[in-house]
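Let me begin by presenting the structure, written as structure tokens, before commenting on it.
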Amino acid sequence: MKVVVVGSGGREHGLAEVLGRSAEVLVTPGNPGIPGATSAPVEELVADGSVDLVVVGPEAPLVDGLADRLRAQGRRVFGPGADGAQLEGSKAFMKQLAVDAGLPTARHGAFADVEPALEFLRTLPGLYVVKTDGLAAGKGVLVTESLAEAEADVRDKLSGSSFGEAGRRVVIEEGLTGPEVSVFAVCDGHRSVCLPPAQDFKRVGDGDIGPNTGGIGAWSPLPFLEADFADVAAERFVAPTLAALQARGIDYRGALYAGFMVTPEGPKLLEYNVRFGDPDSQPVLLRMTSDLAELLAAAADGDLTAVAAPTFSDDVAVLVVACSEGYPGTPRTGDVIEGWDAAAAVPGVTVLSAGVGADADGRRITAGGRVLDVIGRGPDAATARARAYEAVACLSWPGMHHRTDIAAG
Ligand code: AMP
Ligand code: GLY
């Protein structure tokens, strides 16, 4: 099978690595650290009909209708159309669908005007969540115990001063507490299969302090969850969601990322994303022992019954992101990355190329906030973690930072 992966980060490198076990893979545009990266646009790559499957990694091209345009040309695509991508493109759409489908989720309201928004905020019990309705690269969410801070955030977002158009409508929610977990469902429009859960570490600092990032650590599987958590997610959340999408005429073929808070009353849905998580899907997919290309192709064909359920090794994978100075604010870039080969040579370690460029001499340099995903695997979490951190210790560039407590407890 010949597969084209669209995207340029660690998730796409992870997808390419796992798809590459059974398929020939190109990544567009990729980055200089991803084998098979090509600057040719996807439309050009599929033009001669030799590509069997296109896998779209990030949300922005999906929200923008890339999957629709490729399908209209008769291509086989894993990734929802612009209609289904609204699940991530509009939080208000997602919350309404969750209510229609009867999914347990946080109490919420969607607002374009300040006064009703503040009024609703004041009815909430004490942990306040304010989200931009539109896409904000994972940074449009404030969670705070301070009503004053929440009120100021509502004003900033609605005025357009903090997030531009994406913030001109806000979703306000009651805050939930409990461990947060990610489940990735592979969907064929009507059916789904949920992969083993992962946990993503979102705050920049050890002990979950500091600002939110796009995710700077992850691990899977999760020992604190019931063994059937993925099946429960498939039955109670994803199946009614696909039915509610079908009722709106939406045939959702792609990855559906369900973010849950495991509250004392059971799992509640925090968010849907319309793609695999980055970096949280990498530890899950690397552990897959069945054929990912076949699975995604079957989903793209609308018939998951054509393939057996996916299987996974029973080891543990722990991922630590090595970041640039300044991230999650404006990252410092352009520094030469030292120690990559030594890190990749640590037994049980895979290094994925996330925010990487090349200088005029062909040396790999930092080119984003999240530079490298370092994944350690082992028979237990302690071993996997030790391997990941041994490899991270090999890496260096000015201002490099990472969390030291991923999967620690
Ligand atoms: P979202 O973009 O909706 O995934 O939100 C980003 C992050 O904000 C989530 O991963 C959670 O850590 C946090 N968050 C979102 N909604 C809530 C909520 N209702 N209660 C507590 N934390 C939340
Ligand atoms: N790591 C969170 C996300 O992919 O949205």
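The values are calculated or read from the model by the stated rules, or taken from the named source; none is laboratory data. Remember, it's a predicted structure, so these values are computed and weren't measured experimentally. All Cβ positions, glycine included, derive from the backbone under ideal geometry; neighbour counts span all protein chains shown. Accessible surface is based on the protein model in full, side chains and every heavy atom, while ligands, DNA and RNA are left aside. Shrake-Rupley method; radii C 1.70, N 1.55, O 1.52, S 1.80 Å.
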**Asked** Could you give the alpha-carbon Rg of the chain over 2.2 N^0.38 Å, rounded to two decimals?
**Response** 0.95
**Asked** Heavy-atom accessible area of residue 404 with all protein chains present, probe 1.4 Å, nearest 10 Å²?
**Response** 80 Å²
**Request:** Would you tell me the accessible area of residue 24, worked out with a 1.4 angstrom probe on the heavy atoms of the protein chains, in Å² to the nearest 10?
**Result:** 110 Å²
**Prompt:** Could you sort 51, 4 by accessible area so the largest value comes first, with the probe set to 1.4 Å?
**Reply:** 51, 4
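Using a 1.4 Å probe over the heavy atoms of the protein chains, calculate the carbon and sulfur portion of the accessible area of the chain as a whole percent.
On the chain, the fraction of accessible area on carbon and sulfur atoms equals 50 percent.
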**Fill in**
In Å², rounded to a whole number, the accessible area per residue of the chain with probe 1.4 Å is 38 Å²
**Request:** Of the options 14, 245, 65, report the single residue whose Cα projects farthest towards the positive end of the charge dipole of the chain (beta-carbon charges: Lys, Arg +1; Asp, Glu -1).
**Result:** 65
**Message:** How large is the convex hull of the C-alpha atoms of segment 137-214 per residue, in Å³?
**Reply:** 146 Å³
**Spacing of the two label points (7 Å from each Cα toward its C-beta) at residue 358 and residue 228, in nm** = 5.1 nm
**Message:** Need the full-extension length gain, residue 165 to residue 177, defined as separation in residues times 0.36 nm minus the C-alpha distance. One decimal, nm.
**Reply:** 1.4 nm
**Item:** Computed FRET value (nearest 0.05) for residue 72 with residue 305, which takes r as the C-beta separation and R₀ as 30 Å
**Value:** 0.70
**Prompt:** For the chain, with only Lys/Arg (+1) and Asp/Glu (-1) charged at the beta-carbon, what is the dipole magnitude about the Cα centre, in debye rounded to 20?
**Reply:** 220 debye
**Request:** Can you find, among 86, 117, 96, the residue farthest towards the positive end of the dipole of segment 80-199? Put +1 on the C-beta of Lys and Arg, -1 on that of Asp and Glu.
**Result:** 86
**Asked** Ordering 220, 192 from largest to smallest accessible area (1.4 angstrom probe), what's the sequence?
**Response** 192, 220
**Solvent-accessible surface ranking, highest first, for 59, 173, 390 at 1.4 angstrom** = 390, 59, 173
**Message:** Give me the one-decimal Kirkwood hydrodynamic radius in Å for segment 333-409, with the sum taken over alpha-carbon pairs.
**Reply:** 12.8 Å
**Message:** Can you bin every Cα-Cα distance in segment 110-168 into 10 Å intervals starting at zero and give me the percent of pairs per bin, rounded to whole numbers?
**Reply:** 26, 60, 15
**Item:** At R0 = 60 Å, FRET efficiency that the Cβ-Cβ distance of residue 115 and residue 401 yields, to 0.05
**Value:** 0.90
**Request:** Translational diffusion coefficient, Stokes-Einstein: compute it for segment 40-182 using the Kirkwood radius over C-alpha pairs as Rh, at 10 °C and 1.306 mPa s, and state it as an integer in µm² s⁻¹.
**Result:** 94 µm²/s
**Asked** Nearest 20 debye, what's the magnitude of the dipole of segment 267-409 about its Cα centre given +1 on Lys and Arg Cβ and -1 on Asp and Glu Cβ?
**Response** 340 debye
**Fill in**
The local net charge around residue 349, scoring Lys/Arg +1 and Asp/Glu -1 for residues other than residue 349 whose Cβ lies under 12 Å from its Cβ, equals 0
**Message:** Rg/Rh for segment 173-291 to two decimals, with Rh computed the Kirkwood way over all alpha-carbon pairs.
**Reply:** 0.97
**With DNA, RNA and ligands ignored, accessible area of residue 232 (1.4 Å probe; Å², nearest 10)** = 30 Å²
**Asked** So how much slack lies between residue 2 and residue 380, counting 0.36 nm per residue of separation and subtracting their Cα-Cα distance, in nm?
**Response** 132.6 nm
**Asked** Can you work out the base-10 log of I(q)/I(0) for segment 298-347 at q = 0.22, 0.24, 0.30 1/Å, using the Debye formula on its C-alpha atoms alone?
**Response** -0.91, -1.01, -1.19
